[in-house]
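Undergrad: Handing you this structure, nothing more for now.
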Amino acid sequence: EAGVAQSPRYKIIEKRQSVAFWCNPISGHATLYWYQQILGQGPKLLIQFQNNGVVDDSQLPKDRFSAERLKGVDSTLKIQPAKLEDSAVYLCASSGLRGGSSYNEQFFGPGTRLTVL
Amino acid sequence: KQEVTQIPAALSVPEGENLVLNCSFTDSAIYNLQWFRQDPGKGLTSLLLIQSSQREQTSGRLNASLDKSSGRSTLYIAASQPGDSATYLCAAYLQGAQKLVFGQGTRLTINP
């Protein structure tokens with residue numbers, strides 16, 4: 001079974017530029033998550049999708065961050081314009097529905113390391 | 001505030017020792033708790049998932065326990081090896097938060 005795919009793996013941009021990250025979840029997984037992990041901290045949830053609908057985006061800085069999952073499969077996360085404090089690893093995760101439970105194991109991709117100069 | 005705490009932040013032990021990593025959470029109402037491993041520059045690898053109805057899970061040399069009443073989980077690693085060196089993160093799916101809340105991790109170093 002293929003894992004969660006993310007690209008690019010690394011990105012370096014100047015502040016005020018824009019950047020986009022892509023994620024392809026495990027086949028059949030209905031739920032997709034984007035997390036931000038700042039160095040030395042645990043990941044923080046930015047947005048959660050169930051199929052192509054948003055379940056939770058309460059911690060997404062909506063003035064500069066946007067995300068979409070138009071066909072309920074892959075997803076993109078965009079930052080525009082980027083700030084220095086956006087330097088972090090952006091992790092995508094997915095989970096499936098098995099046995100009716102909504103609280104399933106999350107599987108993570110390799111992440112995208114963003115450096116904003 | 002829904003929080004997950006891991007202590008210590010870093011741990012260094014000689015190869016072959018058995019060790020315990022600790023995780024505590026503020027809300028006893030949890031759906032599940034997951035332990036992850038993160039190697040430098042890499043994503044998270046799921047090690048064990050404990051559902052709220054379970055007390056422990058085992059995988060190879062790893063054993064994770066869950067005590068909801070005290071708000072604690074432990075990850076036991078038997079016969080540690082240098083390859084076990086990584087950051088270990090616990091995350092609890094808290095009913096109050098309705099999301100997976102992560103601790104800050106314990107950076108483990110196993111010395112040959």
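Since every read-out is calculated from the coordinates, none of them should be taken as a lab result. Note that the coordinates shown come from a computational prediction; the quantities given were computed from them, not determined experimentally. For neighbour counting, all protein chains shown are included, and Cβ atoms are generated from backbone atoms with ideal geometry for every residue, glycine included.
Undergrad: Taking the DSSP beta bridges in chain A as the whole, what percent of them are antiparallel, to the nearest 5?
TA: Counting only bridges with both partners in chain A, antiparallel ones make up about 90 percent.
Undergrad: Calculate, in nm to one decimal, what residue B:18 and residue B:55 gain on full extension: separation in residues at 0.36 nm each, minus their alpha carbon distance.
TA: Length difference between fully extended and current span is 11.3 nm.
Undergrad: Follow-up. For chain B, build the charge dipole from Cβ charges (+1 Lys, Arg; -1 Asp, Glu) around the Cα centre, then report which of B:90, B:63, B:8 sits farthest towards its positive end.
TA: Positive-most Cα among the choices belongs to B:90.
Undergrad: For a quick check, take a GNM of chain A with Cα springs below 10 Å and name the residue from A:72, A:96, A:42 with the largest mean-square fluctuation.
TA: It is A:42.
Undergrad: Cα to Cα, under 17 Å, and not fewer than 8 places away if on the same chain: which aspartates and glutamates meet these conditions relative to residue B:42?
TA: Candidates past the 8-residue exclusion: B:84.
Undergrad: What is the order of B:55, A:64, A:69, fewest Cβ neighbours within 10 Å to most?
TA: Neighbour counts put them in this order, fewest first: B:55, A:64, A:69.
Undergrad: Just for the Cα atoms in chain B, what are the lengths along the principal axes, largest first, rounded to whole Å?
TA: On the principal axes, chain B reaches 42, 27, 21 Å in Cα extent.
Undergrad: To continue, here is another question. Excluding residue A:12 itself, calculate the net charge of residues whose Cβ lies under 15 Å from the Cβ of residue A:12, where each Lys or Arg counts +1 and each Asp or Glu counts -1.
TA: My count for the surroundings of residue A:12 gives +4.
Undergrad: Can you work out the FRET efficiency for the pair residue B:10 and residue A:115, with r the C-beta to C-beta distance and R0 = 30 Å, to the nearest 0.05?
TA: 0.80
Undergrad: Among the lysines, which fall within straight-line cross-link reach of residue A:78, defined as a Cα-Cα distance under 19 Å, with same-chain neighbours fewer than 8 residues apart omitted?
TA: Partners found: A:11, A:15, A:44, A:62.
Undergrad: Related question: Which whole-number percentage describes the relative contact order of segment B:54-112, with Cα contacts under 8 Å and a sequence gap of 6 or more?
TA: 25
Undergrad: For chain B, what is the percent of antiparallel DSSP beta bridges, rounded to the nearest 5?
TA: Around 90 percent of the beta bridges assigned by DSSP in chain B are antiparallel ones.
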